[in-house]
Number of protein chains: 2
Amino acid sequence: MPIHTPDSLAPAMDIPDLAAKVLAGEMKSVARAIRLVEEPSAASQALLDLIWPHVGRAQRIGVTGPPGAGKSTLTLQLARRYRAAGPGVGIIAVDPSSAVSGGALFGDRLRMGEIEMDPGVFIRSMATRGIGGGLALCATEAADILDASGKEVIIFETVGIGQLELDVVSAVDTLIMVTLPNAGDMVQAMKAGALEVGDIFVVNKADLADAALMKADLEAVLRMQGPSAPWQPPVELAQARSGIGVDAVFAHIQAHRSYLLANGRIEQKRKNWIAGRVQKIVNQRLIGRFWTQDRKKRLEDLLRDPFSGLSASQVASNLLDD
Amino acid sequence: MPIHTPDSLAPAMDIPDLAAKVLAGEMKSVARAIRLVEEPSAASQALLDLIWPHVGRAQRIGVTGPPGAGKSTLTLQLARRYRAAGPGVGIIAVDPSSAVSGGALFGDRLRMGEIEMDPGVFIRSMATRGIGGGLALCATEAADILDASGKEVIIFETVGIGQLELDVVSAVDTLIMVTLPNAGDMVQAMKAGALEVGDIFVVNKADLADAALMKADLEAVLRMQGPSAPWQPPVELAQARSGIGVDAVFAHIQAHRSYLLANGRIEQKRKNWIAGRVQKIVNQRLIGRFWTQDRKKRLEDLLRDPFSGLSASQVASNLLDD
């Protein structure tokens, strides 16, 4: 039976039919399915439940780094490289300044040409919805759709290191950190803990001054960080725009994949990200259920005179009947 | 009776005594209290409860913007300006690259000299604790301590527009967005919804090309955004390093304060941020209580074969006994 949704494109969308078309790899249906999961609803959940047994085959790669580091360019170059080797590629850009997602007007001007026209490549940009909005919440769900549709490689392009990006980053097999030959960026990334989560590091625009020094510094910090780690994150110099270093990055990705596959780490990694998603869903439901109209009203009443005597923590205890 | 805490500085800290000293404005005790609230505990909560009735008098100002925009410089210039007018100032830097917080090694080199030595100024930098860590969680609590201690002005310096920064940003009376004459930054800020929350905009380093154009563009966008809003956010050109424009920004802050005070908006604003804090505390407790060892074990069991058939949402339903 069709499930009725508010989606204007489909007043009465047939979810099992849509799921079947996604699994058959029909790209128009994939696009439609991704639009559907961008607005959580009973229908989008039904779709995700249906495709779930077909999720988990794609290789998921994250490309992250500060604005201007050349993430879009590297992403497109990697997509080209994968296409040349055969696999279908999905790209999900969750970066408001991304050249891929349309920031190209102001950003990088590598034209995508053949990549955009290639039916083996699906590009989806996720717009932000205001500060702290649901930015990355649906990015992993969109990846599940692409995964179930048969895309063998999915690349997330995402800026920076906020909580939202972290959700994306924790759901990839291999995380590539792109940086510029600029010590300030590195120090900031280090302080934010970014060096601890990167699997491959790329110093892009390596024609700029200090690129070799930056590479050496990064390598030193990474060695200090995990001198006996079984995977030593490589640092690669690149000029993504002209393609220099892209093959080397590609080789590192494949090496990292072999490493993950060889010792069962990939299952553990995926269990971790699914566990994270379950926890997030549970927490959202717990919170949604607690905040009834009645409790919202009680909160309002308790804060009528906000600095009267009850601190925020005491008001919380009151609401929780502690 | 003293409450025992794991704080190495005070194996048996006398919380009521500490609270009394904070309220008396003893800055050594203020520093100690801030260190205490940076690690949530029964003792830190007891302290916050005790000082709460004395919180809410300080003017809270946020200075936010991308790295390199000159936030630290503007923050210090504003602190100087306030000191010249009399009030005690507290500065809380929650930016890993902040010149104020010690990123000065690589960042801006305005030396703080007299500001650092001025007993009327208290500067506290909050280090990040890894990705998505408790960065800003204690920043508002630290501000409460400074507020209760009698500081009349509190300035938060914070980078960017992540979820963590948003918590800080939503707890200020006046938010200053600092930007550079760079259209890319503005487009990114716009997409992230930053233009909707700023009260005052500063185009810093206005000696760079296109500053006047940037100001005009920003004004146009802001007019479009809220043509009939009672507060029209002003856009000011500045060169914070040499002090140009700082008096004008200062005047805008005071004008915004008058606007907030005149029509009771300030009470509403503060009720909103306290409500936000209550909700956050409630949500944290709900989540903490749900995830018992037993439920964590059940989650692990359910994910033994992660792509078997149950989707993340279905596993969540199982755990919630839906």
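The values are calculated or read from the model by the stated rules, or taken from the named source; none is laboratory data. Quick caveat, the model's predicted, so the values are computed rather than measured. Glycine also receives a Cβ, built like all others from the backbone with ideal geometry; neighbour counts cover every protein chain displayed. Heavy atoms of the whole protein, side chains included, go into the accessibility calculation; ligands, DNA and RNA do not. Shrake-Rupley method; radii C 1.70, N 1.55, O 1.52, S 1.80 Å.
A few notes on this one:
- Counting only other chain Cβ atoms within 10 Å of each residue's Cβ, the peptide B:293-304 averages 2.
- Counting from the shortest, the label point at residue B:210, 7 Å from Cα toward Cβ, is 2.3 nm from the same position in each remaining copy.
- For the cross-link pairs A:280/B:280; B:151/B:269; A:297/B:151; B:71/B:215, the ones whose C-alpha atoms lie over 22 Å apart are A:297/B:151.
- Interface size, chains B and A: roughly 5600 Å² of accessible area buried, both sides included, 1.4 Å probe, rounded to the nearest 100.
- Cα centre as origin, Lys/Arg/Asp/Glu Cβ charges: region A:198-289 dipole, Debye: 860 debye
- Averaged over residues, the count of other Cβ atoms within 10 Å places the peptides A:39-49, A:78-88, A:149-159 in the sequence A:149-159, A:39-49, A:78-88, highest first.
- Per-residue ³J(HN,Hα) for region A:138-149, Karplus 6.51 cos²θ - 1.76 cosθ + 1.60, θ = phi - 60°, Hz, x for Gly and Pro: 9, 5, 5, 5, 4, 5, 4, 4, 4, 4, 5, 6
- Net +/- balance of residues flanking residue A:322 in space, Cβ distance below 15 Å, scoring K and R +1, D and E -1: +2
- Spacing of the two label points (7 Å from each Cα toward its C-beta) at residue A:262 and residue B:321, in nm: 4.7 nm
- Number of partner chain Cβ atoms within 10 Å, mean per residue of A:59-70: 1
- For the pair region A:242-288 and region A:10-62, the centres of their Cα atoms are 21 angstrom apart.
- Taking Lys and Arg as +1 and Asp and Glu as -1, the other residues whose beta-carbon sits under 13 Å from that of residue B:258 total 0.
- Take residue A:17, move 7 Å from Cα toward the beta carbon, and the resulting point lies 7.7 nm from the same point in each other copy, nearest first.
- For region A:204-262: rounded, prolate or oblate by the Cα gyration tensor [a/c cutoff 1.5]: oblate
- Each copy carries residue B:196; placing its label point 7 Å along the C-beta direction from Cα gives inter-copy distances of 3.3 nm, listed from smallest up.
- Between residue A:254 and residue A:221, the contour length at 0.36 nm per residue exceeds the alpha carbon distance by 9.5 nm.
- Backbone N atoms of region A:207-246 closer than 11 Å to the 7 Å Cα→Cβ label point of residue A:117 are not found in any residue.
- Region A:76-95 residues near the modelled residue A:125 label - backbone nitrogen below 13 Å, point 7 Å along Cα→Cβ: A:92-95
- Shape of region A:178-304, Cα gyration tensor, a/c cut at 1.5: prolate
- Spacing of the two label points (7 Å from each Cα toward its C-beta) at residue A:294 and residue B:242, in nm: 6.5 nm
- Among A:66-75, A:233-242, the order from most to least packed when residues are scored by Cβ within 10 Å on average: A:66-75, A:233-242
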